[in-house]
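This report concerns only the one structure given below.
Throughout, read-outs are computed from the coordinates displayed, never taken from laboratory work. None of these values were measured; they are calculated from a predicted model. Cβ sites come from the backbone with ideal geometry, for glycine too, and all protein chains shown count toward neighbours.
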Amino acid sequence: MTSSLIPVATLGTPRIGPRRELKVALESHWAGETSEAALLETAAKLRAENWARQKARGVTVIPSNDFSLYDQVLDTSVMVGAVPGIYGWRSGKVPLETYFAMARGARTEAQDACCGHAHHAHGGAGAGVPAQEMTKWFDTNYHYMVPELEPGQRFEIGALKPVEEYREAKALGHETRPVLLGPVTFLKLAKSRTPGFNTLDLLPGLLPVYVDILRRLASSGAQWVQMDEPCLVLDLDDATREALRRTYGAIALALPNLKIMLATYFGALDDNLETALSLPVAGLHLDLARAPEQLDVVAAKAPLGLVLSLGVIDGRNVWRANLPALVHRLEKVVAQRGTDHVQLAPSCSLLHVPIDLEQETALDADVKSWLAFSLQKMDELAVLSAALSGQGESVRAQLEASADAAAARKASTKVHNAAVEARMAAVTADMARRKHSYAARAKVQRPRFGLPAFPTTTIGSFPQTADVRKARSAHARGQMDDAAYAAFLREETARTVKWQEEIGLDVLVHGEFERNDMVQYFGEQLSGFAFTRHGWVQSYGSRYVRPPILFGDVARPKPMTVEWWRYAQSLTQKPMKGMLTGPVTILNWSFVRDDVPRSEACKQIALAIRDEVQDLERAGAAMIQIDEAALREGLPLRRAQWKHYLDWAVEAFRLCSSGVADETQIHTHMCYSEFNDIIDAIGAMDADVISIETSRSKMELLEAFTSYKYPNEIGPGVYDIHSPRVPTVDEMDELIILARKRLADEQIWINPDCGLKTRKWEEVRPALVNMVAAARAARARAH
Ligand code: GLN
Ligand code: ZN
């Protein structure tokens, strides 16, 4: 006799379309080429296909309202009418135009991130309506629009999207479980312009709107609603726990028959478990990929009537699961609770993985056999469900194939490189220490370079113009041969070097024209990385990235940047910085193998970068910059885990940067502005020079560096490259004056906030000319 099948849920699916259909539709609409109706039609088609695909793959708990035209947090702001006054909405349905103004601002050109990774907030500068602030969604590389709430904020329904999409699915024959971002997480993610205001205080006004939406869902026929409260994996205070109890108490009271699946993800419940279990909900979703160890304790404590959603398939990573091992792990909890009181699911929404592995026809066949993207993960869940529901025979072949792939991956020489493993074992502590302290190094570096006070430099990239992009894609398509492409790049580089010299910059860069992306460029030259053709995941809005897949031991078969550096240096007498991406950033912007700790994978990358650093030094590079744009992003969600992360991350940086002589100057660059809580780690990296983002905060963030007494050199960005605006000499001079109040003159470098690749030459030229003038003015004053 067979019991009923364990339900299979996805929690949420990628919305962008297998061929980035949503991006195309959005961007042509924004460009004024297509109507709103055409955009909405494409969106509806994508949803319909998405639902149909899930049904076909055996998903039985299909989500609705997981789709978004831009971002699910923005959708929530609009749903509850949290539309700041500047967008001009008063009441009623929020128009699509308003929605996009919140997402992108009214002036689109002011909206870009420095390198496509959007690792920091963007937003409009200058005239027009600015976009809402954007920030990372927990520890993912997805970015959401930060809700903006004020004391006395009124909430009212501004959109019925969840209800409309539930009905839309129903009309297509799909009974779905709508997904809502829970009110407590929503309030916790929000910010206020009023200092000291706790957005959680707005809960009483917000709850009725949620209840209203839930009531409409229930009366439309919804049996279950998924409420996402990922805040349950964070360090919470009592007020937040109380807010959770109040919220779910109120919902249960208002809608006693509606079943709530409370979804937690991105970590363990840990000290919030009691709170989660005290809530009057019908189901609880657990992330068992990030926190597998919580299964036993939750299963022991959760009442048997509570449906446990077992998030065992990794929703954050691309690896195929070992299904027989999972069956083995889950048998007990299924036996305990019965097939009707468990569900199978990815650890979190599948939003964070690419859509379909089958599209990757060019991927190495072995590597491909170790991977699963969103659709393959659905297949895995269906197999798991059959196996755990007493129908293991019907899926025996799939179970065996899964175990075979896991075994093959474990044994593969593509994954394991004996030379790398031997090298890892031979790493000693002194390899991660410069020979002498910064003070001693500065004594040999200063006379070597003879730089003026307040030396000027840039962060590395120069405008990636349409010409540069065109040449790159022509080369990639085989329409431009290697020689012609190299000649083109050499010419761009030469022109840029000459121009930097002409305007009087002190330390030059080659411009990075040969790089598609600061991580991909290195990943493509390292062994152990694979790349997809269609493996896009949403970074924010219509911006998608294709993260490299780090599947094996990392080695550097040959130098990666030395020839470009040598060429660039041959064009000038001024110092030319070698330009590298650091190991932590490469790691944090990749899908990382799950068979070794992240710290180990990072250390392997560090060794490869170390080789590059030493080769650059041998070739004559006297200054080498190692960018760690994503170091802060990797911080764990729980404070208690920060130290461990920072320890190994800093150690990896030191390992890659310390194999050089005292007179070689190591630079690093970080494009963000929050250093207060990680300043010890920044100090411990011991780079000779660090350039950081400061112009938007008017040097405020230098506080951290001053109170910590950061001893090395710092280039606080004086030119906000996130805006097309050209800063004046006076403005930058002001910023230099502010920096001089906080730092010693010998410490200060003058540079932009970040690389210039997203800017236009027309903006960059006058801005850098002004920057040099500002540095000269500061020098004149200092004497
Ligand atoms: N060197 C890189 C550039 O200039 C750094 C970019 C970054 O940190 N995001 O583009
Ligand atoms: Zn930067």
In degrees, nearest 10, the alpha-carbon axis of helix 466-476 is tilted away from the dominant principal axis of the alpha carbons of the chain by 70 degrees
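Of the cross-linked pairs K603/K643; K136/K643; K23/K577; K574/K757; K136/K698; K136/K757, which ones have a Cα-Cα span greater than 27 Å in the structure shown? Kindly include the intermediate steps, with their values, before the conclusion.
Numbers: K603/K643 17 Å; K136/K643 20 Å; K23/K577 37 Å; K574/K757 22 Å; K136/K698 23 Å; K136/K757 22 Å.
Over 27 Å Cα-Cα: K23/K577.
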Placing each pseudo-label 7 Å from Cα in the direction of the beta carbon, K435 and F531 end up separated by a distance in nanometres of 3.8 nm
Can you give the three extents of the C-alpha atoms in the stretch 625-783 along their principal axes, from longest to shortest, in whole Å?
-> 43, 34, 29
Interatomic Cα distance distribution for the chain, bins of 20 angstrom, percent | 16, 48, 32, 5, 0
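Hey, what does the equivalent ellipsoid look like for the stretch 200-268, semi-axes from the Cα gyration tensor as sqrt of 5 times each eigenvalue, largest first, whole Å?
Working: eigenvalues 97, 47, 16 Å².
Semi-axes (√(5λ), whole Å): 22, 15, 9.
Over the alpha-carbon set of the stretch 289-383, divide Rg by the Kirkwood Rh and report the Rg/Rh ratio to two decimals. Mind dumping the intermediate values first?
Details: Rg = 14.7 Å, Rh = 14.3 Å.
Computed over Cα atoms, the ratio is 1.03.
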Which Cα, out of V395, M480, I459, lies furthest along the positive dipole direction of the stretch 389-483 (beta carbon charges, K/R +1, D/E -1)?
-> I459
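How fast does the stretch 1-78 diffuse by Stokes-Einstein, in µm²/s, taking the Kirkwood radius from C-alpha pairs at 37 °C and 0.692 mPa s? Can you show the working numbers first?
Working: Rh = 14.0 Å.
Approximately 234 µm²/s, per Stokes-Einstein.
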Label R765 and A411 with points 7 Å out from Cα along Cα→Cβ: what is the distance between them in nm?
-> 6.3 nm
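If R0 is 41 Å, what FRET efficiency do you get for D594 and R725 from their C-beta distance, rounded to 0.05?
Step by step, r from the Cβ atoms, then E = 0.40.
Write down Rg/Rh for the stretch 701-783, rounded to two decimals, with Rg from the C-alpha atoms and Rh from the Kirkwood relation over Cα pairs. It would help to have the intermediate numbers written out before the result.
On the way: Rg = 13.0 Å, Rh = 13.2 Å.
Rg/Rh for the stretch 701-783 comes to 0.98.
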Normalised alpha carbon radius of gyration of the stretch 325-454 [divisor 2.2 N^0.38 Å] = 1.81
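What is the diffusion coefficient of the stretch 136-242 in µm²/s, taking the Kirkwood radius over Cα pairs and the Stokes-Einstein relation at 25 °C with a viscosity of 0.890 mPa s?
Details: Rh = 15.4 Å.
The Stokes-Einstein estimate is 160 µm²/s.
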Please work out how much length the chain gains when fully extended from W642 to A426, using 0.36 nm per residue of separation minus the C-alpha to C-alpha distance, in nm with one decimal.
-> 75.1 nm
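What does the charge count around G392 come to, taking other residues whose C-beta lies under 13 Å from its C-beta (Lys +1, Arg +1, Asp -1, Glu -1)?
Values: positive: R396; negative: E331, E393, E400.
Taking every Cβ under 13 Å from that of G392, the sum is -2.
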Extension gain A397-R329, at 0.36 nm per residue separation less the Cα-Cα distance, in nm?
-> 22.5 nm
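Which value in deg cm²/dmol, rounded to the nearest 500, describes the helix-derived mean residue ellipticity at 222 nm for the chain, given -39,500 (n - 2.57) per DSSP H run of n ≥ 4 and division by the residue count?
Numbers: 27 runs with 326 residues, N = 783.
About -13000 deg cm²/dmol.
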Where a label projected 7 Å from the Cα of R779 along Cα→Cβ would reach, residues of the stretch 747-765 with amide N under 16 Å | 747-751
How big is D for the stretch 539-676, in µm² s⁻¹ as a whole number, if Stokes-Einstein is applied with the Kirkwood radius of its Cα pairs at 20 °C and 1.002 mPa s?
-> 133 µm²/s
Residue range of the chain that is longest and free of GluC sites (Glu not before Pro) which are both DSSP loop and sparsely packed (at most 11 other C-beta within 10 Å) | 294-783
